[in-house]
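First the structure, which I've put down as structure tokens, then a few questions once you've had a look.
The values are calculated or read from the model by the stated rules, or taken from the named source; none is laboratory data. Just so it is clear, the structure is predicted and the values come from calculations on it, not from any experiment. In this analysis, Cβ positions are derived from the backbone assuming ideal geometry, glycine residues included, and neighbour counts consider all displayed protein chains.
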Amino acid sequence: MSRQRLGQNFLTDRAVAGRIIRSASVTSTSTVLEVGPGKGALTHQLAASAGTLTVVEVDPALALELRERFAGNKNVDVVEADARTVDPDSLPLIIGREYTLIANLPYYAATPIVRNFLESEQPPARMVVMVQREVANEMQAEPGEMSMLSIAVQVYAESRTLFTVLPDAFTPRPKVTSAVIELTPRTEPLVASEQRHDFFKLAKAGFRAPRKQLHNSLASGLNIDTALARSIIGNAGIDSERRPATISIAEWQGLLTAWAEAGKPYVVHGTSRKQRAEALKR
Ligand code: SAM
């Protein structure tokens with residue numbers, strides 16, 4: 001991937017870097033993971049203030065530079081890996097420890113990186129990350145403006161915006177304003193682990209046609225008849241004419257119960273008419 005496509009907008013405003021680090025309350029006993037250290041705008045201060053620092057950088061040239069630069073720091077581990085898929089449990093200085101994740105995230109991968117860590121077996125105790133302001137707003141949206149991203153983040157974490165950062169703080173200058181947010185993973189996610197697979201499958205189906213009314217969107221996502229979708233939604237005590245964006249996480253849980261009571265009807269898209277009829281009989 002080209003450097004531009006890796007979302008390499010480097011932070012050049014030291015005051016902003018300092019503010020991010022202060023917000024994360026790093027001390028000499030902290031275990032810190034930095035995602036996308038780049039040229040080290042945050043890394044230097046973190047290496048000096050944290051107990052241990054692991055940095056995960058996908059760009060081999062930047063990882064090599066950092067490895068050379070921090071060769072003398074025994075508390076710093078530079079890992080060349082993709083933060084969208086890396087398992088925190090595989091990182092020697094992180095495994096089994098409570099840690100803080102800090103990052104100025106690449107815009108193109110901010111959502112999958114946040115989700116990878118929130119959904120992992122060993123989520124951070126706290127995340128202080130910079131993302132595009134619109135993404136920050138979407139993560140914190142309330143019913144009326146919910147999306148799959150809002151649901152995916154809120155099931156796992158509480159979040160709040162700490163401050164916004166203007167494009168001037170970076171080189172090259174991005175086109176958008178950024179926001180630094182704090183995400184605090186919940187000790188108990190809002191949806192129990194054994195229900196999560198079905199919960200996300202159902203919500204994803206419900207958002208298949210986000211502008212449509214819920215019965216149409218859900219029918220389309222599950223590939224079932226609108227009448228059946230309407231009855232499931234009715235059994236959950238929800239007005240089926242509402243739009244998916246207005247449904248709260250608690251209401252999605254109610255929908256999951258009603259869907260399960262109806263036998264979890266779902267037909268893989270692309271199935272023939274006959275196979276579909278068979279599948280819905282079961
Ligand atoms: N932390 C530096 C700063 O504040 O100046 C760099 C931030 S820059 C917005 C994003 C960094 O993430 C770049 O160094 C980029 O190479 C790295 N990066 C991009 N995609 C990544 C991925 N999938 N996994 C890990 N790092 C990634």
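With respect to Val79, determine if the residue is within 15 Å of the ligand (Cβ to nearest atom), under 23 Å from Asp13 (Cβ atoms) and surrounded by fewer than 23 Cβ atoms within 10 Å (Cβ to Cβ).
Considered against the rule, which asks whether it is within 15 Å of the ligand (Cβ to nearest atom), under 23 Å from Asp13 (Cβ atoms) and surrounded by fewer than 23 Cβ atoms within 10 Å (Cβ to Cβ), Val79 comes out as no.
Do we find that Val16 is near the ligand (Cβ under 10 Å from one of its atoms) and of a type in the set (A, V, I, L, M, F, W, C) in this structure?
Judged against the criteria, Val16 is a match.
Within the stretch 20-35, can you find the residues that are in a loop (DSSP other than H, G, I, E, B) and more than 14 Å from the ligand (Cβ to nearest atom)?
Once the filter is applied, which keeps residues that are in a loop (DSSP other than H, G, I, E, B) and more than 14 Å from the ligand (Cβ to nearest atom), the stretch 20-35 yields Ser25, Val26, Thr27, Ser28, Thr29, Ser30.
Then there's this: In the list Pro92, Pro124, which residue meets the criterion of being assigned by TED's automatic domain parsing to the domain that holds Asp77, at pLDDT 95 or above and out of contact with any Leu (no Cβ under 8 Å at 6 or more places or on another chain)?
Pro92
In addition: Look at Thr111 and say whether it is in contact with a helix residue (DSSP H, G or I) (Cβ under 8 Å, 6 or more places away or on another chain) and over 30 Å from Lys212 (Cβ atoms).
Considered against the rule, which asks whether it is in contact with a helix residue (DSSP H, G or I) (Cβ under 8 Å, 6 or more places away or on another chain) and over 30 Å from Lys212 (Cβ atoms), Thr111 comes out as no.
May I pose another question? Which members of the stretch 187-206 meet the condition of being more than 12 Å from Tyr156 (Cβ to Cβ) and part of a loop (DSSP other than H, G, I, E, B)?
Answer for the stretch 187-206, where residues must be more than 12 Å from Tyr156 (Cβ to Cβ) and part of a loop (DSSP other than H, G, I, E, B): just Ala192.
While we're here: Can you find, within the stretch 46-69, the residue that is surrounded by the fewest Cβ atoms within 10 Å (Cβ to Cβ) among those that are part of a helix (DSSP H, G or I) and more than 11 Å from the ligand (Cβ to nearest atom)?
Only one residue fits best here, namely Glu68.
Pick out the one residue from Ala258, Ala227 that is among the small types (Gly, Ala, Ser) and closer than 19 Å to Phe200 by Cα.
Answer to the selection: Ala258.
Additional query: So is Leu93 part of a strand (DSSP E or B) and either closer than 20 Å to Val131 by Cβ or away from the ligand (no atom under 11 Å from the Cβ) (or both) or not?
Taking the combined requirement at face value, the residue does not satisfy it.
Taking the stated definitions as given, is Gly38 out of contact with any Asp or Glu (no Cβ under 6 Å at 6 or more places or on another chain), near the ligand (Cβ under 9 Å from one of its atoms) and small (Gly, Ala, Ser)?
yes
Moving to a separate point now. Filter the stretch 132-162 for residues that are within 19 Å of Asn116 (Cα to Cα) and hydroxyl-bearing (Ser, Thr, Tyr) and give the result.
Ser147, Ser150, Tyr156, Ser159, listed by residue number.
Right, here's the next one. Tell me, please, whether a residue that is over 13 Å from the mean Cα position of the chain (by Cα), of a type outside the set (A, V, I, L, M, F, W, C) and part of a loop (DSSP other than H, G, I, E, B) can be found in the stretch 77-85.
yes
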